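What follows is a single structure, written as structure tokens, with notes after it.
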Amino acid sequence: MIIAIDFDGTLHLGQFPEIGIQASDAIEVMKQLKADGHYLIINTARDGAELLAAINWLLEHGIPFDRVNDNHPGNVAKYGSNSRKVYAHVYVDDRQVGGLPPWADIYDYVKEKENAYLNSI
């Protein structure tokens, strides 16, 4: 599945433009999601130097990702465009309705959605 993950307030606990400490369990869950075969897109409003700082932070912390603010190539081909809105099966963001659950719960939710998705195809 394609999973879009926000950066600020989701993977780290700082306030833009600063980058704070990693969110509890975020690195471990991101690594497990990647090991499970998911396609991970960092979906952030950052650009320029702030985006570069975020990418460097992800790399320094060994957080896996496939793209940043960009759609999966298969979706670009399928729909004939690379729209600004990143397509994903699941979105993880601290601004989602109800706030950001613990990362262990996020992992469980993704597994549930993955099972439902696989049973629908």
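Total residues in region 58-81 satisfying the condition of being in contact (Cβ under 8 Å) with a residue 40 or more places away in the chain and within 14 Å of the chain's Cα centre (by Cα): the figure is 4. Selection of region 70-121 for residues being surrounded by 10 or more Cβ atoms within 10 Å (Cβ to Cβ), β-branched (Val, Ile, Thr) and in a loop (DSSP other than H, G, I, E, B) yields only 86.
Got a sec? Which of 4, 35 is open to solvent by less than 10 Å² (accessible area, probe 1.4 Å) and either among the small types (Gly, Ala, Ser) or on the phi > 0 side of the Ramachandran plot (or both)? Checking each option against the conditions leaves just 4.
If you go through region 8-24 and keep only what is within 19 Å of residue 69 (Cβ to Cβ), crowded, with 17+ Cβ neighbours inside 10 Å and of a type outside the set (Asp, Glu), you end up with 9, 10, 11, 12, 19. Only a single criterion out of (1) touching a residue at least 40 places away in the same chain (Cβ under 8 Å); (2) on the phi < 0 side of the Ramachandran plot is not satisfied by residue 25, namely (2). Just one of the numbered conditions (1) touching a residue at least 12 places away in the same chain (Cβ under 8 Å); (2) part of a helix (DSSP H, G or I); (3) of a type outside the set (Val, Ile, Thr) is not true of residue 49: (1).
For region 17-37, the set of residues classified as in contact with a helix residue (DSSP H, G or I) (Cβ under 7 Å, 6 or more places away or on another chain), farther than 18 Å from residue 110 by Cβ and among the hydrophobic types (A, V, I, L, M, F, W, C) consists of 19 only. Of the residues making up region 52-69, those that are in a helix (DSSP H, G or I) and open to solvent by 40 Å² or more (accessible area, probe 1.4 Å) number 6.
The values are calculated or read from the model by the stated rules, or taken from the named source; none is laboratory data. From a predicted model like this one, the values you see are computed outputs, not experimental measurements. No Cβ is skipped: glycine too gets one built from the backbone with ideal geometry, and neighbour counts run over all protein chains shown. We work out accessible area using only protein heavy atoms, side chains counted, and drop any ligands, DNA or RNA first. Shrake-Rupley method; radii C 1.70, N 1.55, O 1.52, S 1.80 Å.
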